[in-house]
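Here is the structure we will look at.
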Amino acid sequence: MRVQFVFQEIWIGLRRNLTMTIALVVTVAIAMALFGTGVLLKMQVDKSNNYWSNKVEVSIYFCNKLSANPACKKTEPDQQKKDDIRKQLEGMSQVAKVTPETAQQAFQRAQQQFKDSPGIAGSIQPGDIPDSLRVKLKDPKDFAAVVAQMQGRDGVDQVVNERAILEKFFKILGGLQWAALTIAAIQLIAAVLLVANTIRLSAFNRRRETGIMRLVGASNIYIQLPFVLEGAIAGLVGGIFAAVLLSFSKVFLLGRLQKNLQFATPLGWIDVTTVIVGSTCFGILLCALASFLTLRRYLKI
C-alpha cells in the first residue's frame, strides 16, 4: 500500500508540472550528452597520446627533383652521401634507431594510412614523397639536437618532427573537450535550478497532503521520498536521451575524426557504454540530490 501511494504521488507530481518536467528532462539530456562528449574527447586524446607517444619519429627527407628547397637544386644526393648522414645520426647519443625508407615504401605507407580517404590517397603519386630516414629518439624532447645537425646539411631537404604535428592535433581535441565541458557545466547549473523550481512547485501544490501526512505521524523520509524520486526519474529519462545523443557523437563526431585524421586512435563501444552509464548515474544523483536539498528548505510543515 505504501509503495503504491509513493508511486501515485510521483505520478501526480510529474503530471501537475508536466511542462517543467519536460524542460528538466531536455536540459538534463543536453547537459549529460555534452558532459559525456567532453569525457569521450578526453578519452580520445589520452588513448591517442598513449598510443603514439612511443611511436612518433623524426623524418629526415632527402632532396629530389620535386624539392621546393632552393638548396637542393632539384638534385638527389647519391647513396654514399645518404649513408654518411645515416651513420652520423646513428652516432648521436639522442638517437635510438634509424630506419631508411625509400620513396616507394613511403608511397605504399601513405596509401595504407589514407585508404579511408580516397581523395587524399589519389592525390599522392609515386615519387611525391622522397627517400627519407625515420629517426626514433630516446627522448622526443631532443628533437632540437637532430635539427641542429641535419637542417641545412647538403642533400637534406627538410626535417619534420611528427610529435609537433601530433601536439597540434591533441590541442584541437583538447579545445573541443573543454568547450563541451564548459557548456555542460552551464547546462548542469540550469538543470539544478530547474529541479529546485520543479520540486518547489510540487511541494507547494501538495502542501495540504504533506501536512496531513505529518499530522498522522508519517516520517520525513516517507514524505520526502516521492519528491526525491521525481527528480531521480527526470534524471533517468534525461540520461536515456543523453545515451542516444552520445551514440550519435560516437558515430558522427568521433567516427569522422578517426576516419579523416589518421592520428586518432579508435574508441570502442565499451568506452562509450562506460561513459553513458557513468553520465546517466551522475544525472540521476544530481537531480535526486537537488530535490533533497530543495525539500529541506521548502518542505517544512
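Condition test on A110, is it within 22 Å of S48 (Cα to Cα), out of contact with any Phe, Trp or Tyr (no Cβ under 9 Å at 6 or more places or on another chain) and small (G, A, S)?
Here the answer is yes, as A110 does meet what is asked.
Any residue in the range 267-286 that is assigned to a loop (DSSP other than H, G, I, E, B), of a type outside the set (D, E) and modelled with pLDDT of 70 or more?
Yes, the range 267-286 has at least one match.
Would you check which residues across the range 88-124 are modelled with pLDDT of 80 or more and in a loop (DSSP other than H, G, I, E, B) and list them?
G91, M92, S93, Q94, T102
Within the range 142-158, identify whether any single residue is within 19 Å of D83 (Cβ to Cβ) and of a type in the set (K, R), and answer yes or no.
yes
Would you say I129 is farther than 20 Å from K82 by Cβ and either in contact with a Phe, Trp or Tyr (Cβ under 6 Å, 6 or more places away or on another chain) or of a type in the set (V, I, T) (or both)?
No: the conditions fail for I129.
Is it true that some residue in the range 253-265 is modelled with pLDDT under 80, aromatic (F, W, Y) and under 30 Å from E162 (Cα atoms)? Write out each step before concluding.
As a first pass, look at the range 253-265 and keep what is modelled with pLDDT under 80: 253-265.
Adding the requirement that they be aromatic (F, W, Y) leaves 263.
Right, trim to under 30 Å from E162 (Cα atoms) and you get 263.
Within the range 253-265, one or more residues are modelled with pLDDT under 80, aromatic (F, W, Y) and under 30 Å from E162 (Cα atoms).
Within the range 66-82, track down each residue that is in contact (Cβ under 8 Å) with a residue 24 or more places away in the chain, surrounded by fewer than 16 Cβ atoms within 10 Å (Cβ to Cβ) and not small (G, A, S).
L66, N69
Could you pull out the residue among T210, T198, T182 that is closer than 24 Å to C287 by Cα, among the β-branched types (V, I, T), modelled with pLDDT of 75 or more and assigned to a helix (DSSP H, G or I)?
T182
In this structure, does I85 turn out to be modelled with pLDDT of 85 or more, surrounded by 12 or more Cβ atoms within 10 Å (Cβ to Cβ), more than 28 Å from the chain's Cα centre (by Cα) and aliphatic (A, V, I, L, M)?
Spelling it out, I85 is indeed modelled with pLDDT of 85 or more, surrounded by 12 or more Cβ atoms within 10 Å (Cβ to Cβ), more than 28 Å from the chain's Cα centre (by Cα) and aliphatic (A, V, I, L, M).
The values are calculated or read from the model by the stated rules, or taken from the named source; none is laboratory data. Predicted model only: the values in this text are computed from it and were never measured. Backbone-built Cβ (ideal geometry, glycine too); neighbour counts: all protein chains shown.
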